[in-house]
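The values are calculated or read from the model by the stated rules, or taken from the named source; none is laboratory data. Predicted, not measured: the structure shown is a model, and the values here were computed from it. So basically every Cβ, Gly included, is an ideal-geometry build from the backbone, and we count neighbours across all protein chains shown.
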Amino acid sequence: MDRTESEDIREETGSAARSRVAGAAVASELESIRERALEVLANYRKTKAVIRKEVRKEYATEIRHLENERSQREMVIKEKMAEIDRLRDTIESLNNEVFGLRSKSKLWEHECARISDTYHRTVLYYSNPGLVEVQLQVISEYVDALARFVSVHKWDRDTADMAERYRDSIHAKLHEVIRGIDMNPKEDTSLASARNNVGTVPADNDTKI
C-alpha cells in the first residue's frame, strides 16, 4: 500500500469518527431539548391545573352568588304573584259586592218609587183642595141662606149683637183654617226630587263640624 492510500484510509476513518461524535452530540442535544420540553410541558400542565382550579373556584363562588340571587328573585316573584292573586281575589270580591249593591240600589229605587207614588196619591186624596172648597162652599151657602132669611124678618139689637159675636168667631176660625193651610205646604215627594235632595247632601269629608 502506498502512502496516498494510507492517508485516504486515515482520513475516512477520522471522518467517520467525527460523524459519530457529531451524531452523539446531536443526539445528546436532542435528548436535552426533549427533557427541557418535558419539564416545560410538566410545568405548563401543573400551572394549567392550578389555573383551572383557581378559575373553577372563582367561578364556583360567582355561580353560587348568582344562584342565591336567582333564588331570592324567584322568591320575590312568587311573593308578588301570590300578592297579585290576592289582589285579583279582592278585586273580584269587590266587583261582586258592587254588583250586589247596585242590584240592591235598583230594588230600593223601585221600592222608593212605589212608596213615593203611594204616598203622593194618598196626600193628593186627603189634601185635595176640592175638599176644603166644598166645605167652604157649604158654609158660604148657609150664610147666604141665613142672609136671605134675616132680610125678610124684623130683629132686635140683641140678635144683632149675637150675630156680631158669631161673625167674629167665624172670622177667627176661617183665619185658623188659612193659617193651617199656610203652615202645612205639600212637599214634593217625587223620585226626581228625592234624587236631587240626595245629590245636594254634602259628603262626610265635606261636612263641617
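Any idea which of Lys104, Lys57 is among the basic types (Lys, Arg), at pLDDT below 80 and out of contact with any strand residue (DSSP E or B) (no Cβ under 6 Å at 6 or more places or on another chain)?
Lys57
Only one of these is in a helix (DSSP H, G or I), at pLDDT below 85 and surrounded by 10 or more Cβ atoms within 10 Å (Cβ to Cβ): Glu69, Glu97, Glu31. Name it.
Glu31
Identify, from the list Lys186, Lys173, the residue that is touching a helix residue (DSSP H, G or I) at 6+ places or on another chain (Cβ under 7 Å) and either modelled with pLDDT of 90 or more or not in a helix (DSSP H, G or I) (or both).
Every option except Lys186 fails the conditions.
Go through the residues of segment 122-136 one by one and say whether even a single one is touching a helix residue (DSSP H, G or I) at 6+ places or on another chain (Cβ under 9 Å), surrounded by 12 or more Cβ atoms within 10 Å (Cβ to Cβ) and of a type in the set (Val, Ile, Thr).
Within segment 122-136, one or more residues are touching a helix residue (DSSP H, G or I) at 6+ places or on another chain (Cβ under 9 Å), surrounded by 12 or more Cβ atoms within 10 Å (Cβ to Cβ) and of a type in the set (Val, Ile, Thr).
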